[in-house]
Amino acid sequence: MTTGVKVRQAGRRFGSRTVLRDVDLDIAPGEFVALIGQSGSGKSTLLRAIAGLDPDATGAYEVPDRHAVVFQEHRLLPWSRVWRNVTLGLNETNLRERARRALDEVGLAARANAYPGTLSGGESQRVALARALVRTPGLLLLDEPFGALDALTRLKAQALVARLWTEHRPAVLLVTHDVEEALLLADRVLLLDGGRIAETFDVDLPRPRSIGHPRFVALRRQLLAGLGVADAEEKL
Amino acid sequence: MVSHTLEPLTAANTADAPAVKGPPGWRKLARSVRKLVGLAVIVVVWQLLAARGDLGNQTPTPGQVLVAAYDLIRSGVLLDNLAVSVVRVAKGLAIGLSAGLALGLVAGFSKAGEDFVDAPVQALRMLPAVALAPIFLIWFGLGDLSKVALIAFAPLFPLYLNVLGGIRGVDERLIESARSCGVGTWGLIRRVILPGALPQILVGLRQSLGVAWIVLVVAEQTATTSGLGVIINDAKEFLQIDVMFVVVVVYALLGLATDALVRLLERRLLSWRRGYAGV
Ligand SMILES: Nc1ncnc2c1ncn2[C@@H]1O[C@H](COP(=O)(O)OP(=O)(O)OP(=O)(O)O)[C@@H](O)[C@H]1O
Ligand SMILES: [Mg+2]
């Protein structure tokens with residue numbers, strides 16, 4: 001089960017535009033990798049290819065059979081109750097109980113019978129997270145899952161992901177454009193640029209991490225430079 | 001000069017606010033009453049105009065129509081023929097709605113299906129029931145079959161169009177995320193595509209039911225010995241205008257009843273929806 005991820009020469013073109021040129025990427029079992037890059041650099045495209053959702057992507061992909069995706073928008077079925085959303089696609093007995101346990105982990109067991117339309121944005125994302133967790137994935141693919149949340153909710157959601165990762169230890173690929181989020185959570189940060197992995201940063205920081213750590217500050221500057229916004233913090 | 005006035009926050013206008021809405025039971029009652037008001041207005045206006053002779057001296061008042069209806073019910077004529085017509089519509093709808101749903105699903109689920117199905121359906125859709133009635137008489141004989149066939153034909157199209165449109169309107173991202181959860185083709189249809197298309201499908205159902213009653217009138221105009229249309233035809237012959245009005249009112253009531261049925265269905269099936277319900 002614990003095979004990790006191995007991607008070789010991943011490519012994707014839309015018409016004459018080449019979005020992914022030649023991406024090589026490895027994730028060890030239980031490793032937390034963050035993928036950053038400018039908007040439109042192909043992060044979601046790469047994630048969809050790894051998830052096996054893009055039949056037109058080229059390249060070789062070795063991915064654990066059990067993998068789950070959380071998208072930027074929660075993508076819950078509005079006509080199915082929360083617990084039915086969580087167990088979508090599973091076919092075994094006692095689904096309700098499994099849903100309850102997964103929802104319990106994200107603190108939403110009480111909303112099991114609600115319709116997604118009655119949840120807040122943060123709650124919806126946590127349900128989406130529970131839907132991924134219930135599959136006990138060997139690989140968890142997160143596409144900017146907290147992008148639409150406010151700062152406070154985002155911090156809580158990040159802490160939740162950190163805790164769940166520590167408890168369950170799936171390999172994680174987290175797509176984000178938030179440099180601090182990447183540095184708080186990941187073992188390694190990959191920078192996607194020009195259709196390939198342009199740079200790799202090892203985050204050699206002790207956990208739990210703090211934004212004030214001098215090494216954190218240094219890494220952040222490096223990452224921002226990689227994104228081409230080196231001056232950002234001098235301006236602030 | 002600044003000339004806006006601030007409403008003083010008195011006990012009166014704060015206490016007012018909740019009272020306007022009232023408890024849920026009361027509000028429900030108010031809605032039912034409002035729904036009946038529109039119909040009542042029509043009846044009252046009809047009564048006034050008919051009594052004054054503004055609708056021609058032949059037009060019966062609602063009261064006279066009621067009397068005629070009473071006689072028709074007592075003699076059994078109304079209910080017997082109503083039953084015949086309702087059965088015709090039920091048979092026709094059973095066929096037409098199944099066909100519309102099936103064709104819509106085929107076209108919706110596969111591009112090849114759409115290519116095969118859509119063009120002929122669109123072509124047939126343009127044929128008016130009035131023009132088809134005599135042709136169906138030739139094809140299906142003078143009996144019930146030709147009428148049922150006509151009633152089956154017309155409601156097929158609104159349902160087909162809305163099933164296809166509903167399926168095309170299902171958010172592709174939901175399908176992708178369901179796929180990523182390991183949902184197979186059948187599960188995709190059952191858990192994502194059909195429920196996603198359902199609001200639109202119910203709109204189609206409503207249109208189809210309306211069309212069915214209209215086509216019933218057309219179908220029963222010729223070569224009929226039973227059904228609501230016969231009552232009208234006979235009444236026309238003997239100039240019993242009040243009887244003709246009875247049947248017209250029955251048509252209206254049948255339309256209302258089927259519409260209420262679909263509304264009930266909508267409330268049941270679409271309880272998850274958070275659409276704008278109006279103020
Ligand atoms: N279906 C598609 N058809 C055509 N172009 C597409 C399609 N999907 C993505 N693209 C293009 O591919 C490029 C990469 O898109 P992608 O969604 O992977 O970017 P991203 O890195 O995730 O950006 P963001 O951070 O804004 O989410 C974009 O320029 C986008 O316009
Ligand atoms: Mg993206």
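The values are calculated or read from the model by the stated rules, or taken from the named source; none is laboratory data. Because the structure is predicted, anything quoted here is derived from the model rather than measured. Here Cβ is always computed from backbone atoms with ideal geometry, including for glycine, and neighbour counts include all displayed protein chains. Just the protein is used for accessible areas: all its heavy atoms, side chains included, with ligands, DNA and RNA removed. Shrake-Rupley method; radii C 1.70, N 1.55, O 1.52, S 1.80 Å.
Against the numbered list (1) within 9 Å of chain B (Cβ to nearest Cβ); (2) in contact (Cβ under 8 Å) with a residue 40 or more places away in the chain; (3) of a type in the set (Ser, Thr, Tyr), A:Ser124 comes up short only at (1).
From the set of residues in segment A:110-121 that are in a loop (DSSP other than H, G, I, E, B) and within 14 Å of chain B (Cβ to nearest Cβ), which is surrounded by the most Cβ atoms within 10 Å (Cβ to Cβ)? Explain how you work it out, then say what you get.
Just the residues of segment A:110-121 that are in a loop (DSSP other than H, G, I, E, B), to begin with: A:112-115, A:119-120.
In the following step, the residues that additionally are within 14 Å of chain B (Cβ to nearest Cβ) were identified as A:113-115, A:119-120.
Details: A:Asn113: 10, A:Ala114: 16, A:Tyr115: 20, A:Leu119: 18, A:Ser120: 10.
Looking at residues that are in a loop (DSSP other than H, G, I, E, B) and within 14 Å of chain B (Cβ to nearest Cβ), I get A:Tyr115.
Of the set (1) within 14 Å of chain A (Cβ to nearest Cβ); (2) surrounded by fewer than 23 Cβ atoms within 10 Å (Cβ to Cβ), all apply to B:Ser180 but (2). Of all the residues in segment A:62-71, those that are surrounded by 17 or more Cβ atoms within 10 Å (Cβ to Cβ) and either touching a Cys at 6+ places or on another chain (Cβ under 9 Å) or more than 7 Å from every other protein chain (Cβ to nearest Cβ) (or both) number 6.
Does segment B:205-221 include one or more residues that are surrounded by fewer than 23 Cβ atoms within 10 Å (Cβ to Cβ), within 14 Å of chain A (Cβ to nearest Cβ) and not in a loop (DSSP other than H, G, I, E, B)? Within segment B:205-221 (the criterion being surrounded by fewer than 23 Cβ atoms within 10 Å (Cβ to Cβ), within 14 Å of chain A (Cβ to nearest Cβ) and not in a loop (DSSP other than H, G, I, E, B)), the answer is no, since none of the residues qualifies.
For the criterion of being over 21 Å from A:Val172 (Cα atoms), assigned to a loop (DSSP other than H, G, I, E, B), more than 16 Å from ligand 1 (Cβ to nearest atom) and more than 14 Å from chain B (Cβ to nearest Cβ), A:Thr3 fails. Given the options A:Leu173, A:Leu133, name the one that is within 14 Å of chain B (Cβ to nearest Cβ), away from ligand 1 (no atom under 16 Å from the Cβ) and of a type outside the set (Phe, Trp, Tyr). Unique residue meeting the criteria: A:Leu133. Taken across segment A:200-207, residues that are away from chain B (no Cβ under 14 Å), closer than 20 Å to A:Ser39 by Cβ, within 16 Å of ligand 1 (Cβ to nearest atom) and aromatic (Phe, Trp, Tyr) do not occur at all. With respect to (1) in contact with a helix residue (DSSP H, G or I) (Cβ under 6 Å, 6 or more places away or on another chain); (2) more than 14 Å from chain A (Cβ to nearest Cβ); (3) open to solvent by 40 Å² or more (accessible area, probe 1.4 Å), the lone exception for B:Ala154 is condition (3).
Yes or no: A:Ile50 more than 16 Å from ligand 2 (Cβ to nearest atom), more than 10 Å from chain B (Cβ to nearest Cβ) and within 29 Å of A:Ser124 (Cβ to Cβ)? Write out each step before concluding.
Numbers: more than 16 Å from ligand 2 (Cβ to nearest atom): no; more than 10 Å from chain B (Cβ to nearest Cβ): yes; within 29 Å of A:Ser124 (Cβ to Cβ): yes.
Considered against the rule, which asks whether it is more than 16 Å from ligand 2 (Cβ to nearest atom), more than 10 Å from chain B (Cβ to nearest Cβ) and within 29 Å of A:Ser124 (Cβ to Cβ), A:Ile50 comes out as no.
Listed conditions (1) open to solvent by 10 Å² or more (accessible area, probe 1.4 Å); (2) more than 16 Å from ligand 2 (Cβ to nearest atom); (3) touching a residue at least 24 places away in the same chain (Cβ under 8 Å); (4) in contact with a Lys or Arg (Cβ under 7 Å, 6 or more places away or on another chain) are all met by A:Pro29, apart from (4).
Say whether the condition of being under 26 Å from B:Val121 (Cα atoms) and free of Cβ contacts under 8 Å to residues at least 24 places away in the same chain is met by at least one residue in segment B:206-222. No.
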